[in-house]
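Q: My structure is below; once you've seen it, I'll send some questions.
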Amino acid sequence: MTDPRIQRVRDGLSARQPFDRTGLLAWVIAGQRVGWLTPERGALLARWPQWFDMSAQRVDLRETLATQADRTAALSEVIGRLAEEGHVWGWRDERFVVNTGWGAPALALIERAAARFFGIRTYAAHMNGLIEGPGPELWLARRAPTKPIDPGMWDNLVAGGIGHGFDPRGALEKECWEEAGIGPDLAADLVPRGTLDVLREVPEGIQCETLFAFDLVLPADFTPVNQDGEVAGHLRASPDTALDIMADRAMTVDATLVTLDALARLGLPHAPQRFAPDNNT
């Protein structure tokens, strides 16, 4: 008999991943679509006609901004004004790359908080903190109530956006210490597990994100300790407990997908993952 929680997880993922391209504006740089804008957000950019070319179906960054540096400077001014007016929030002082896919040339750099406003493809690294022992267990982290996105929700033990200048492993190693007190000796055993995609409409705009998933087997006597104030607490959970949390929609969409992937590899009941279509085709 199928566990009813599996259908609840499936329904929760479906409900929290709405995406309809109808009516959205393509955001284009150098002839290449790099993001999506809602019509309301697109209209806000019309105040800068020197930098944006507006049409019924797309918003182009003007070709007079011909270099990465020029585009970055213009967008920085725009995003700063949008943030002052409350259209962009959760300022991070961290740059994300604007490009057409992982490894593609950077067309511009923008403040991380504006990534979803412009609907660009972003990248994040997530880690399943598996616990060494006879029965499968894993550490979960509860996001701090002050987080600008998904405050107070359950998350993978370690997770974070991949900023400019980092690769997935390097970004995760940094987050390992900040979020869980995992030093370089333990983090050296990180095992990459592939990628998952998320494409959905969210309050901040459009989340189009590639998740790089990793596993790390931790000693049974290890207890995570947050270092940067972004985690409110940790839970040592059985797969059954993790399934309860996911069924109640108390875990972020990203972490739910990454946790389900881990449970599948452990041979435990899981809901089918709902992969998003590639936003770069």
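Q: Given the options Leu196, Leu243, name the one that is in contact (Cβ under 8 Å) with a residue 40 or more places away in the chain, hydrophobic (A, V, I, L, M, F, W, C), open to solvent by less than 30 Å² (accessible area, probe 1.4 Å) and part of a helix (DSSP H, G or I).
A: Leu243
Q: Within the bounds of segment 181-195, is there any residue that is among the β-branched types (Val, Ile, Thr) and farther than 21 Å from Glu137 by Cβ?
A: Yes, the conditions are met somewhere in segment 181-195.
Q: If you don't mind, there's one more thing I want to ask. If you check every pair at least six apart or on different chains, which have Cβ atoms under 8 Å apart with a residue in segment 156-168 that is in contact (Cβ under 8 Å) with a residue 40 or more places away in the chain first and a residue that is among the basic types (Lys, Arg) and open to solvent by 10 Å² or more (accessible area, probe 1.4 Å) second?
A: Gly161/Arg112; Gly163/Arg95; Gly163/Arg112; His164/Arg95
Q: Okay, next question. Being among the charged types (D, E, K, R), farther than 29 Å from Arg95 by Cβ and not in a loop (DSSP other than H, G, I, E, B) is the requirement here; does Asp185 meet it?
A: For Asp185, the condition - among the charged types (D, E, K, R), farther than 29 Å from Arg95 by Cβ and not in a loop (DSSP other than H, G, I, E, B) - is met.
Q: Taking the criterion of being assigned to a loop (DSSP other than H, G, I, E, B), at pLDDT below 95 and surrounded by fewer than 19 Cβ atoms within 10 Å (Cβ to Cβ), would at least one residue in segment 208-219 satisfy it?
A: No, there is no match, as no residue in segment 208-219 is assigned to a loop (DSSP other than H, G, I, E, B), at pLDDT below 95 and surrounded by fewer than 19 Cβ atoms within 10 Å (Cβ to Cβ).
Q: On to the next question. Of all the residues that make up segment 148-166, how many are under 28 Å from Ala83 (Cβ atoms), open to solvent by 20 Å² or more (accessible area, probe 1.4 Å) and not β-branched (Val, Ile, Thr)?
A: Of the residues in that region, 8 qualify.
Q: Looking at the structure I just gave you, is Gly152 in contact (Cβ under 8 Å) with a residue 40 or more places away in the chain and closer than 22 Å to Val253 by Cα?
A: For Gly152, the condition - in contact (Cβ under 8 Å) with a residue 40 or more places away in the chain and closer than 22 Å to Val253 by Cα - is met.
Q: If I ask for residues that are farther than 14 Å from Leu13 by Cβ, assigned to a loop (DSSP other than H, G, I, E, B) and either at pLDDT 90 or above or open to solvent by less than 10 Å² (accessible area, probe 1.4 Å) (or both), which ones from segment 246-281 would you list?
A: Scanning segment 246-281 gives a single hit, Asn279.
Q: Where residues in segment 13-23 are touching a residue at least 40 places away in the same chain (Cβ under 8 Å) and assigned to a loop (DSSP other than H, G, I, E, B), which of them is farthest from Glu204 (Cα to Cα)?
A: Top of the filtered list is Asp20.
The values are calculated or read from the model by the stated rules, or taken from the named source; none is laboratory data. Note that the coordinates shown come from a computational prediction; the quantities given were computed from them, not determined experimentally. Positions of Cβ are generated from backbone atoms using ideal geometry, with glycine treated the same way; all protein chains shown enter the neighbour counts. Note: areas computed on protein heavy atoms with side chains; ligands, DNA, RNA excluded. Shrake-Rupley method; radii C 1.70, N 1.55, O 1.52, S 1.80 Å.
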